[in-house]
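One structure below.
Every read-out reported here was derived from the displayed coordinates using simple, explicitly stated rules and does not represent laboratory data. Since the structure is predicted, the reported quantities are computational estimates derived from the model, not experimental observations. Counting neighbours? That spans all protein chains shown, and the Cβs are built from the backbone with ideal geometry, glycine included.
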Amino acid sequence: MTMQATETRAVIVERDICHPPEKLWRALTQPHLIEEWLMKNDFKPVVGHSFNLRGDWGGVLDCKVLAIEPNKTLSYTWNFAHEDAAFNLESVVTFTLTPTRTGTHLRVEQTGFQPNQKQAYGGAHAGWKQFFDKLDQVVARTE
C-alpha cells in the first residue's frame with residue numbers, strides 16, 4: 001500500500017489518574033476548570049456547540065463539540081488558522097475515560113496532523129503531557 005499525501009498522523013497520550021471518571025469529567029467539561037489546566041474558553045458540553053480555546057501565547061483555537069458521552073467520551077474539533085498555511089491545523093481531539101481499580105485511565109487522541117507538520121505534531125505530544133500534569137493537579141484539589 002502506498003502512502004497518500006492525505007494520510008494524517010495522530011498524537012496519543014495516556015495516563016492513569018487516581019480519581020474516579022466523574023471527577024475527571026468535571027475538569028474536562030466545566031469552563032472554569034478547563035481554564036485551569038488547558039486554556040481560557042467558552043465551552044459548553046453540548047454537541048454542536050462552537051467555542052474557542054484562547055492560549056496565553058495569543059493564539060485562538062476554533063472548536064466544535066462533536067460527541068459527548070458523560071464520564072466516558074468527549075470529542076471536539078481543534079482548529080488553528082495561521083497566516084503561514086504550513087501552521088494551519090485542522091484536527092479532532094478525543095478524550096476517553098475508562099474506570100480502573102484505582103481511578104481512571106485517561107486517553108487523549110488528537111488526529112489530523114499532516115506529514116509535513118512535524119513541529120505541530122511534536123508540540124502537541126509535549127503539550128498534552130503538560131496539560132495532563134496540570135489536569136492531575138486540578139482534579140486533586142477539586143471536590
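Per-residue ellipticity at 222 nm computed for the chain from its helices equals -9000 deg cm²/dmol, with DSSP H segments shorter than 4 residues left out and the rest contributing -39,500 (n - 2.57). Shown for region 17-141: lysine pairs separated by 8 or more places, or found on different chains, whose C-alpha atoms are under 21 Å apart, numbering 15. In this rough spin-label picture, where each label sits 7 Å from Cα along the Cβ direction, the R54-T98 distance is 3.7 nm. For region 80-143, trypsin sites (Lys or Arg not before Pro) are listed when DSSP marks them as loop and at most 11 other Cβ atoms sit within 10 Å of their Cβ; the list is R101. Between L66 and D84, the simple spin-label model (points 7 angstrom out along Cα→Cβ) gives 2.7 nm. Among the chymotrypsin sites (Phe, Trp or Tyr not before Pro) found in region 1-61, those both in a DSSP coil and sparsely packed, with 12 or fewer other Cβ atoms within 10 Å of their Cβ, are W57.
Net charge in the neighbourhood of V60 (other residues with Cβ under 12 Å of its Cβ; Lys, Arg +1, Asp, Glu -1) is -1. For region 17-141, the Kirkwood hydrodynamic radius from C-alpha pairs, put into Stokes-Einstein at 4 °C and a viscosity of 1.567 mPa s, yields a diffusion coefficient of 87 µm² per second. Among Y76, Y121, the ranking by other beta carbons within 10 Å of each residue's beta carbon, starting with the fewest, stands as Y121, Y76. Here the extension length gained between N41 and Q137 equals 32.7 nm, from 0.36 nm per residue of separation less the Cα-Cα distance.
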